[in-house]
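K.L.:
To start, I am sharing the structure in question, which I have written as structure tokens.
The values are calculated or read from the model by the stated rules, or taken from the named source; none is laboratory data. Note that the coordinates shown come from a computational prediction; the quantities given were computed from them, not determined experimentally. Virtual Cβ from ideal backbone geometry, glycine too; neighbours counted across all protein chains shown. Side chains are part of the model used for accessible areas, which takes the heavy atoms of the whole protein and leaves out ligands, DNA and RNA. Shrake-Rupley method; radii C 1.70, N 1.55, O 1.52, S 1.80 Å.
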Amino acid sequence: MLIDSGADANLISESAWKKMKKERVSVVSSTKGSSRVLRAYGSDRPLEVLGVFVASVAVGRMETTAEFLVVRGGQRCLMGDKTAKLLGVLKVGLDINEVTSDKTPFAKIRGIKAHIQLDPKFVPVFQPMRRVPIPLEQAVKCKLNDLLKRDIIEKKIGPASWVSPLVVVGKANGEPRLCLDLRRVNEAVVRERHPMPIVDDYLARIGKGKIWSKLDIREAFMQIELAEESRDATTFITAQGLFRFKRLPFGLVTAPELFQKAMDEILSGCEGTFWYIDDVIVEGETLEQHDERLQKVQNYY
């Protein structure tokens, strides 16, 4: 449903209502027609209300009972202001007297550590710091502090060999994106050459089921812990000093292979499951089979 803060009713299109009835969706009550007069924004012509039903609706852990009006020829299903606020998917104004807690360490995959092997014939390179635009300096400092609190980076202590520059790129929402220029390090990295899946193989296997779920792993590479002896290769320089990654960083040439290898080890025993780096698809011929496989993936991961 499209959340519409300007709507004072929940609207269901006629086609969606027919599909819901076909799927035998449970409702509390339903009646034909309605005395309510509804008009679309900018129109004087009233909508034709075919009927009204009351049903339980949930988003995550939030659940409420709401009234829905079925309209003829509706293009979109709309969730009105009141229901959206009750479900917590629409919020107006600021939280007052809100107490925020410190961020906890970012999740990491248990029992797996990544190792970066460097060819000894390459001489370590210390690259100079790249200047950050003055308007972004404070935002970059906050971003670094956030990474420290989440246990993704740490202060570099002692002598440094490989040092890479930090590159700051502005995102569409105005926040800075911190990127590591690891090109010189990548020249020295010895690739593991773990086999990467081919798209044609996926297409040949997927499609036997009738129900699918697609999982996207959040900040996937960051969930792989770097071995202690491999962290110095990710050292980078900022105005706040030297830092190094405790997790597998984006930009490392062997990162996709290392993550794919970890996923192969974790999910190899999950039937009806297909994965490519951080995208996971679970399929099943029935809802019960699908849910059982999905639960197995969650337990393994």
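K.L.:
Please find, within the range 265-274, the residue that is nearest to the chain's Cα centre (by Cα) out of those that are in contact (Cβ under 8 Å) with a residue 60 or more places away in the chain and not in a loop (DSSP other than H, G, I, E, B).
P.N.:
If we take residues in the range 265-274 being in contact (Cβ under 8 Å) with a residue 60 or more places away in the chain and not in a loop (DSSP other than H, G, I, E, B), then F274 is nearest to the chain's Cα centre (by Cα).
K.L.:
Search the range 100-125 for residues being among the aliphatic types (A, V, I, L, M) and either over 25 Å from the mean Cα position of the chain (by Cα) or at pLDDT 90 or above (or both), and hand back the single one that is most open to solvent (accessible area, probe 1.4 Å).
P.N.:
V123
K.L.:
Restricting to the range 224-240, count the residues that are surrounded by 15 or more Cβ atoms within 10 Å (Cβ to Cβ) and either touching a His at 6+ places or on another chain (Cβ under 7 Å) or without any contact (Cβ under 8 Å) to a residue 12 or more places away in the chain (or both).
P.N.:
Count: 1.
K.L.:
Then there's this: Would you point out which residue out of S164, S213, S230 is in a strand (DSSP E or B) and closer than 20 Å to D119 by Cβ?
P.N.:
Of S164, S213, S230, the one residue that is in a strand (DSSP E or B) and closer than 20 Å to D119 by Cβ is S164.
K.L.:
Right, something else. Looking at F243, F221 in this structure, which one is in a strand (DSSP E or B), closer than 23 Å to K141 by Cα, open to solvent by less than 30 Å² (accessible area, probe 1.4 Å) and modelled with pLDDT of 85 or more?
P.N.:
The match here is F243.
K.L.:
Can you confirm whether R191 is under 29 Å from R150 (Cβ atoms), more than 20 Å from the chain's Cα centre (by Cα) and surrounded by fewer than 16 Cβ atoms within 10 Å (Cβ to Cβ)?
P.N.:
Considered against the rule, which asks whether it is under 29 Å from R150 (Cβ atoms), more than 20 Å from the chain's Cα centre (by Cα) and surrounded by fewer than 16 Cβ atoms within 10 Å (Cβ to Cβ), R191 comes out as yes.
K.L.:
Could you list all residues from the range 16-63 that are in a strand (DSSP E or B), within 20 Å of S5 (Cβ to Cβ) and either at pLDDT 90 or above or open to solvent by 100 Å² or more (accessible area, probe 1.4 Å) (or both)?
P.N.:
R39, V57
K.L.:
Sticking with this one: Going by the conditions given, is I152 among the hydrophobic types (A, V, I, L, M, F, W, C) and within 30 Å of G284 (Cβ to Cβ)?
P.N.:
When the stated conditions are applied, I152 does not pass them.
K.L.:
Here's something else I'd like to know. Being surrounded by fewer than 16 Cβ atoms within 10 Å (Cβ to Cβ), over 30 Å from P159 (Cβ atoms), in contact (Cβ under 8 Å) with a residue 40 or more places away in the chain and in contact with a strand residue (DSSP E or B) (Cβ under 7 Å, 6 or more places away or on another chain) is the requirement here; does I206 meet it?
P.N.:
Taking the combined requirement at face value, the residue satisfies it.
K.L.:
Taking the condition open to solvent by 50 Å² or more (accessible area, probe 1.4 Å), out of contact with any Asp or Glu (no Cβ under 7 Å at 6 or more places or on another chain) and within 22 Å of H194 (Cβ to Cβ), does F250 pass?
P.N.:
yes
K.L.:
Report every pair of residues separated by at least 6 positions or lying on different chains whose Cβ atoms are under 6 Å apart, first residue within the range 120-144 and under 17 Å from F243 (Cβ atoms), second small (G, A, S) and surrounded by 15 or more Cβ atoms within 10 Å (Cβ to Cβ).
P.N.:
Here the result reads Q127/S164, each pair linking the range 120-144 to a residue that is small (G, A, S) and surrounded by 15 or more Cβ atoms within 10 Å (Cβ to Cβ).
K.L.:
Can you tell me which residue in the range 72-87 is surrounded by the most Cβ atoms within 10 Å (Cβ to Cβ), limited to those that are at pLDDT 85 or above and in a loop (DSSP other than H, G, I, E, B)?
P.N.:
G80
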